[in-house]
Amino acid sequence: MPPRAPLLRVPYTDPLPAPRIIPGTAATASGAIAALVDFLSSPPSPRLHQHSTHDDSASSVSGTGIGNRNGNAEPRATRGDHTVLLTGAGISVASGLADYRGTNGTYTLNRKYKPIYFNEFCESHEARKRYWARSFLGWTNLHKARPNATHRAVGQLGQLGIVKRVITQNVDSFHPTAHPHLPTTELHGFLRSLVCISCHNLYPRSTFQKQLSSLNPAWAAFLAEIIATGALDTENPDERRQRGLRTNPDGDVHVPDAPYSTFRYPPCPKCLEKLPRGSDGSVVSVAVDRDGAWKDGSQGGILKPAVVMFGESIPSATKTAAEVAIDTASRILIMGSSLATYSAWRLVKRAKEQGMPIAILNIGGVRGEDAFFNDVEHGKNTGREAVRASENVDKVLPHVVKILAGMRK
């Protein structure tokens, strides 16, 4: 039996120590730009070694190099002279979305915040009401947000051949929207669709939003009111609290003392049309009320966001794609992430174990970052071996790309 896919764990939320800037000249925006240009234009490091051809923790996927059905290692793709990017919520702040650990981040201002767990969502009708009510209020701002200069700069790095793949922790779909030509592995899924727990059919989130509005006219009127006040046009937490709102990650809006138990949501239309079957072959019931809302007592047809919830397994294909992206690159650049989530941190650890140069562009501390830079020769390094900068990504990366593009002419 292949090993079980890893579960998405609740992220490390304790305060992180301030970063040690590497090289010292990267303490300013201009210095960070120069160091990253050096990093991204350097030849493969002599310390870089070929990755292990066998990983006992990986799923057995024939033809991927993770292992065949007999447990024997299979060759992976050849490592190339290019960079793999790993991005987090910090790069979407300029698009108007909240982050996790920034000045106005959820874990900075709301230390009691607890995300919903996968088993809670699946098992509790009341939990789903609360989740979808809050998501209904937050979807408007998320849906109208657009990729920013950082996402476009990432696409340019792909066009220059410097980056061949992006791994993102973000669920906002900005990467595939901004650069469809540059492959993106969405490590934690995406909010643009829902997925049925019973039949695994994908369903558009925008269509679901319209159904939620129809099923919940009082909530729709309340949403129209808060849109009119401009409360959803600002990410300033003080301004939102003055209007009775608290924003959490992934388009989730909390309204204190709101009647969440009154909220209704529709079932999967495919399951409603043809009742699904359980693992034992028996028919799974899916019922609706007179307005078409999922009826309590139903056993299936539950739609969930197509994201990896906490306590849910990351799909093996996604895990494999992320590992192969690391194993076939010659350096890694992390942007806008504190690596607080283990699923992302372990990828950087994997890169470090293979001798890959590591660069981190993130405001504030990063989980376990000292271990990533403990062998860097600081006196000689100008950026080729490692970079650690604490600057706004959208103020740095576009300039880096412009310089790199000029070097290619």
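Can you confirm whether the range 342-354 contains a residue that is β-branched (Val, Ile, Thr), assigned by TED's automatic domain parsing to the domain that holds residue 33 and over 16 Å from the mean Cα position of the chain (by Cα)?
No.
Among the numbered criteria (1) of a type in the set (Gly, Ala, Ser); (2) crowded, with 18+ Cβ neighbours inside 10 Å; (3) at pLDDT 95 or above, which single criterion is violated by residue 405?
Unmet for residue 405, out of (1) of a type in the set (Gly, Ala, Ser); (2) crowded, with 18+ Cβ neighbours inside 10 Å; (3) at pLDDT 95 or above: (2).
Just to be sure, is residue 169 free of Cβ contacts under 8 Å to residues at least 60 places away in the same chain, out of contact with any strand residue (DSSP E or B) (no Cβ under 6 Å at 6 or more places or on another chain) and not small (Gly, Ala, Ser)?
no
What is the residue count in the range 340-353 for residues that are closer than 22 Å to residue 157 by Cβ and at pLDDT below 95?
Number satisfying all stated conditions: 0.
Out of all the residues in the range 178-193, is one or more at pLDDT 95 or above and assigned to a helix (DSSP H, G or I)?
yes
I need a count of the residues in the range 271-307 that are among the aliphatic types (A, V, I, L, M) and touching a Gly at 6+ places or on another chain (Cβ under 8 Å). Full working, then the answer.
Taking the range 271-307 as the starting set, the residues that turn out to be among the aliphatic types (A, V, I, L, M) are 272, 275, 283-284, 286-288, 293, 302-303, 306-307.
Next, only the ones that are touching a Gly at 6+ places or on another chain (Cβ under 8 Å) stay: 272, 275, 284, 286-287, 306-307.
Looking only at that region, the number is 7.
Among what's in the range 148-177 and is of a type in the set (S, T, N, Q) and outside any helix (DSSP H, G or I), pick the residue that is farthest from residue 91 (Cα to Cα).
Here the answer is 173.
Residues to consider are 53, 87, 83, 64; find the one that is modelled with pLDDT under 55, surrounded by 12 or more Cβ atoms within 10 Å (Cβ to Cβ) and closer than 18 Å to residue 165 by Cα. Lay out the reasoning, then the answer.
Working: 53 fails: closer than 18 Å to residue 165 by Cα; 87 fails: modelled with pLDDT under 55; 83 fails: modelled with pLDDT under 55.
After ruling out the rest, the residue left standing is 64.
Please state which one of 385, 323, 353 is out of contact with any helix residue (DSSP H, G or I) (no Cβ under 6 Å at 6 or more places or on another chain) and without any contact (Cβ under 8 Å) to a residue 24 or more places away in the chain.
Exactly one residue qualifies, and that residue is 353.
The values are calculated or read from the model by the stated rules, or taken from the named source; none is laboratory data. Because the structure is a prediction, the values reported are computed rather than measured. Positions of Cβ are generated from backbone atoms using ideal geometry, with glycine treated the same way; all protein chains shown enter the neighbour counts.
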